[in-house]
Amino acid sequence: MTEQTPLKDIPEIMRYVAQFSDKAQLASAALVSKSWNSIFDRELYSSLEWYGVGSLRNPTNEAIQAHAANIHSLIFRGSTLMDFPGRALTHLKSIQVSAPVWCPSTLNHLTTLLGPNQNSNLQSFSLNLSGLADYERSGALLSGLRSCPALKSVQLSRLKFRLQDTDSFFNLCAKLYNVSVVDSQMVFPATTAQWPVNFPFLQTLHLDGSFRVTTPFMVEILG
C-alpha cells in the first residue's frame, strides 16, 4: 500500500517548492485556487524589487501596501526612492541597494526604513552607491543602522564619515558578525580610550578605501 503524504504537510511542501520557483511560476500557481493563493501569493511578494521612479517593472503602491506583511527582502536597483511607499514596510529582514545613478535623497529615504519602530527584524543591509555621499547623510545612515536591534551583516560603499561618526561605527560593529566598508572615507582617532572597543560577535571586517588610521589605534584594536 502506497504511503500517502499527510494533508497537514502539504502547505509546508508547497512553501518549499515555492523557494525554487520564479516570479512567473509563483504568479501562475497563486491563481489555481484560494488555498494555493494563500501560500504562493505570500511567496510571490516575499522579495520586492524596486527600479526607481516610473519603472513599469515596479509593483503598484497598492500591491505593496496590501502585501507589506509578507515582504521580507527589498532589492533596490534605481536612482531614487522618492515615490517608494517605504513606510508600509515593517517586516524587512534584508535590504540590498545598488544605485547606478547617485541621488542624494536616496540615503534620506533609506534611513526612514531603519530603526526598531520601522524594521526591528532587519538582519542584513547592503549599500552600493555610484557616487560618494556627503558627511551628513552618511552619519544619519550609520545612526539608523545602529538602531536596528537584529542587524548582523552590513556592507557599505562610497560613504564619508567624520571623526564624530566613528563612535557610531564602533557601536555598530560591536553587535555585528560581518562588516564591509569599501571606497569610503573615514577618520579614526589616535586612541581607543574614549570608545569601548569590544567586538564579541565580529567574524569578518573588511576596510578598503581612504581610512586615516594611526598605528597605536590598530594595535589596540587587534590586540
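The values are calculated or read from the model by the stated rules, or taken from the named source; none is laboratory data. Bear in mind that the values here come from a model prediction, so they are computed numbers and not experimental data. Backbone-built Cβ (ideal geometry, glycine too); neighbour counts: all protein chains shown.
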Residue count, the range 185-211 (criterion: out of contact with any helix residue (DSSP H, G or I) (no Cβ under 8 Å at 6 or more places or on another chain) and modelled with pLDDT of 70 or more): 10
Report yes if Ala150 is surrounded by 18 or more Cβ atoms within 10 Å (Cβ to Cβ), of a type outside the set (S, T, N, Q) and assigned to a loop (DSSP other than H, G, I, E, B), otherwise no. no
Taking the stated definitions as given, is Ser98 over 23 Å from Ile64 (Cβ atoms) and small (Gly, Ala, Ser)? no
